[in-house]
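Here, each number is a calculation from the coordinates, and none is a lab measurement. Computed from a predicted structure; not experimentally measured. Neighbour counts are summed over all protein chains in view; Cβ atoms, including those assigned to glycine, are modelled from backbone coordinates with ideal geometry.
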Amino acid sequence: MNRTLREIVRILASRFLGMVLILVVMLGAAGVVTWFSPRWYRSETTLLAKPSRMVNPLEQQQIANRDQVSLFVATQREIIKSDDVLAAALLQLDGWDGGGEGPSDQEIRQYIDQNTTKMRQVSGYVNVVTPGGPDATFTQTFTIRVDWPEQRSEAAKLATGSDVLAARKAQAFAQHLVKAYLHRYVQLERQRASAGTKFLTEKSLAAARTMLDSATAELQAFIDQELKGDLLQLINMASTGGGLETGEASLKTGAQAQINAMDARLKELRTLQKVLDTELAKKDSAELVVPDAVTRGNSSVGLLQEKIIRLKLRLNELQPRYTEAYQELRNVKAELAEARSDLRDQLTKQRTRTEQEITLLSSRRDELASHVAQSQKRVDDLAAKAANYQRLQRAVTTAQGIYDAERQRVASAVTAEQLASNPILVTVLGGPSRPDPVRPRRPIVWLNMLVALVAAVIIALAYAFLADHFDHSIKGVGDAERYLGVPVLGSIPKLGRGIVRVR
Amino acid sequence: MMTVMTETNPEMPTSSKASLKPRADEIFRGLWASLFYSGRTGGKSVLVCSSGSGEGSSTVACGLALAGSEPASGARVALVDFNLRNPSLHRILKLKQSPGVCDVIINNGQPETAAQVLSSTLDVYTAGDVSGRLLDVLRGETVQRFLDTLSGGYDYVVVDVAPANQFPDAQVLAGLIKDVVLVAYTEQTPREAVAQAKKRLEANGGKLVGLTLNMRTYPIPKFLYRHV
């Protein structure tokens, strides 16, 4: 620690002269520059900013009022310091006199081209401040500050009343500047509003219109090509509540019941056929038993049965009288046998008929089933079409809504333009102040000196330490032993010229 | 009074008597003491050289010899100027350059012939005629003999030599004399140059006894020096 402190002191002491030189030079330079820097005359104009309440219709989110004010003041600063405004003010200061609206754009352009350096200079004179700092957002006033430098030329200094002239010039320039600024501001607002309106009327509305047209055309094409005759049905279905689903269900259940009935009948017929088959298989016609179903369905079978019963009774009656009426008996017997064989024939026929009926019924059943499937398919198709139809219709509704909103906006933008053509958004609160010609403003000498002192001290310290760091010469006993490992026998101080006296 | 002494002393007709200024005398006496009375040196001969030119090796050698040869101690000292590149001892002491070391070695003569008596205890050997081939002078066997004769004839021998980083002379002599004192110019000689000189001298068997800081500065003011 001690050694380090000694090192530091040594470094500072060995470069003491250089450091003092740096300090003196820098302080002197700062003092001289500050002392001889130009004085200026300040003229201030306070304006009240009323940021327009008119919001950009294209902007969805509203920004906070504070931000709006801050943004507004920042924008005004840009406008005031723009070449156009400065050139217009300078032209008027130089004695331009065209009357009316002020210098034309062409004149301003020409002036800017001819006086680029002067423009840059004058831009430095003008400043826009808000009370409470450059970014204060809690105020609606801002101040245009013109710092017009005093004349530095010898001739101007010698002329009597030159300070009064300069002060007056500062005020005059401020006045012209405010005028030019307000003019320019109105011009810009108007341009902005009309550009916005133009955009809205021309582009946005047209886009909405196109969207609506295309949606309508698409719906129409769909109706013409896809739906054809189904449109009414679709509308009916859509209008009768449950619509499609219920219709489809009723259709399905009806057909299904029919199919079920057919199935039952087929089953019945098949059992009957089986019974008939077993009966017909019997050799003896006398043993034939006629099923009830056949009797009910076939009247000739019933007649034959009745005939058989009658013949049987007759036979029984005739049996005792066999002898007398043998011939008759034989006739009856023969008749009975004939009737029985007739019954067999009838049953056979009945079987064939049943068979035919089965074939017919099953074919009809198949037909019905295929019909059901077909109708199902059609219902599906219809449902798909209905969905598409609904989608297209919704698209048309949306497009219509957008178009209507767009038309409303255009109407409001037109109103906005009418408003902007006569904006009263900036008001001059206090006219350009007249600077005191006797006491121009000047930079604060002691403050500049203080800053220079701090900078000089830092630079001097940096110089001392850097110079020492890059100086590799042997500086003392410590150095020799640290870097070389060689003991120091002794030190010979500066002894002046000639240490030897020769006689 | 001194002039009277010179005139009355018959032993030194060819030389003028020289002495150190009081402050220098004190400093060089201290240096002499730390060199020879501290057991750092092996023998009684010492080579004084620097890393670069103009760093004061001749002055230091001269001062050392003058301080060490004060009549009270009674020791006999030889101061030899082996700085053949830029001989300067004769200029400092206002002596003749010839006859000197070079003449003796080239002619293979006796060293006594070149001795210039400065006082009863101090003989100076100046460089002599240095226009010949100097490395041959240094390489020859005669140098060894010359130095041996000197160390036999005197109690102390102080040899000044050319800068170690610029000429090989110092390296050659370091092999013969062994004990070397390096002179560095404070705040001017880079420590790299001193390190280089040290390396060169030690390469030939020399032994660096120590460093002498010439033109020493004391940047810290006295009133501060006590506190840091």
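Numbers at a glance
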item: Ranked B:VAL48, B:VAL181, criterion: other C-beta atoms within 10 Å, fewest first; result: B:VAL181, B:VAL48
item: Amide H contacts under 5 Å for A:ILE492, placed H, 5+ residues apart; result: B:LEU213, B:ASN214, B:MET215, B:ARG216
item: Residues A:LEU280 and A:ASN331, FRET efficiency given R0 of 25 Å [Cβ-Cβ distance, rounded to 0.05]; result: 0.35
item: Gyration tensor verdict on segment A:327-484 (Cα atoms; rounded if a/c is under 1.5, prolate if a/b is larger than b/c, oblate otherwise); result: oblate
item: Along each principal axis, Cα extent of segment B:136-228, largest first, Å; result: 56, 30, 17
item: Under Karplus coefficients 6.51, -1.76 and 1.60, residue-wise ³J(HN,Hα) of segment B:31-45 in Hz, glycine/proline x; result: 5, 4, 5, 5, 7, 9, 9, 10, x, 7, 8, x, x, 10, 9
item: Neighbouring partner chain Cβ atoms per residue of A:4-13, average, 10 Å criterion; result: 4
item: Members of A:LYS282/A:LYS312; B:LYS178/B:LYS199; A:LYS283/A:LYS307; B:LYS21/B:LYS207 lying beyond 24 Å, as alpha-carbon distances in this model show; result: B:LYS21/B:LYS207
item: Cα-derived Rg over Rh, computed across segment B:73-228 with Rh taken as Kirkwood radius; result: 1.04
item: About the Cα centre, charge dipole magnitude for chain B (Lys/Arg +1, Asp/Glu -1 at Cβ), debye; result: 780 debye
item: Value of relative contact order over segment B:52-208, rounded to a whole percent, pairs C-alpha under 8 Å and six or more apart; result: 28 percent
item: For B:LEU122, distant residues with modelled amide H under 5 Å away; result: B:VAL77
item: Pairs from B:LYS17/B:LYS96; A:LYS118/A:LYS169; A:LYS494/B:LYS198; B:LYS44/B:LYS198; A:LYS267/A:LYS377 whose Cα-Cα separation, in the structure shown, is over 19 Å; result: A:LYS494/B:LYS198; B:LYS44/B:LYS198; A:LYS267/A:LYS377
item: Amide H within-cut-off set for B:ALA18, under 5 Å, with H built and near neighbours excluded; result: A:ARG503
item: Residue-averaged [θ]222 nm for the protein assembly as shown, counting only DSSP H segments that reach four residues, each worth -39500 (n - 2.57); result: -20000 deg cm²/dmol
item: Cα centroid separation - segment A:339-416 against segment B:157-215, whole Å; result: 120 Å
item: Förster-model FRET efficiency, 51 Å R0, A:ALA29 and B:ALA33, C-beta, rounded to 0.05; result: 0.40
item: Peptides ranked, highest mean first, by Cβ atoms within 10 Å: ranges A:266-277, A:32-43; result: A:32-43, A:266-277
item: Ordering of A:466-473, A:174-181, A:20-27, B:31-38 by burial proxy (mean other Cβ atoms within 10 Å per residue, highest first); result: A:174-181, B:31-38, A:20-27, A:466-473
item: Chain lengthening between A:GLU202 and A:VAL502 when straightened (0.36 nm per residue, less Cα-Cα); result: 96.9 nm
item: Extension reserve of the A:PHE470-A:THR323 stretch, reckoned as 0.36 nm per residue once the Cα distance is removed; result: 35.8 nm
item: Estimated FRET transfer efficiency (A:GLU357, A:GLU218; beta-carbon r; R0 60 Å; 0.05); result: 0.60
item: The protein assembly as shown: equivalent-ellipsoid semi-axes (sqrt of 5 x gyration tensor eigenvalues, Cα, Å); result: 136, 61, 19
item: Packing-based exposure ordering (other Cβ within 10 Å, fewest first) of B:SER50, A:SER299; result: A:SER299, B:SER50
item: Under Karplus coefficients 6.51, -1.76 and 1.60, residue-wise ³J(HN,Hα) of segment A:8-17 in Hz, glycine/proline x; result: 4, 4, 5, 4, 5, 5, 6, 9, 4, 4
item: Global form of segment B:59-122, assessed from the alpha-carbon gyration tensor, a/c cut-off 1.5; result: oblate
item: Range of Cα positions in segment A:253-385 per principal axis (Å), largest first; result: 91, 22, 15
item: Prolate/oblate/rounded call for segment A:391-503, Cα gyration tensor, a/c under 1.5 rounded; result: oblate
item: Shielding by other protein chains, B:178-186, mean Cβ within 10 Å; result: 3
item: Residue mean of other protein chain beta carbons inside 10 Å, A:320-331; result: 0
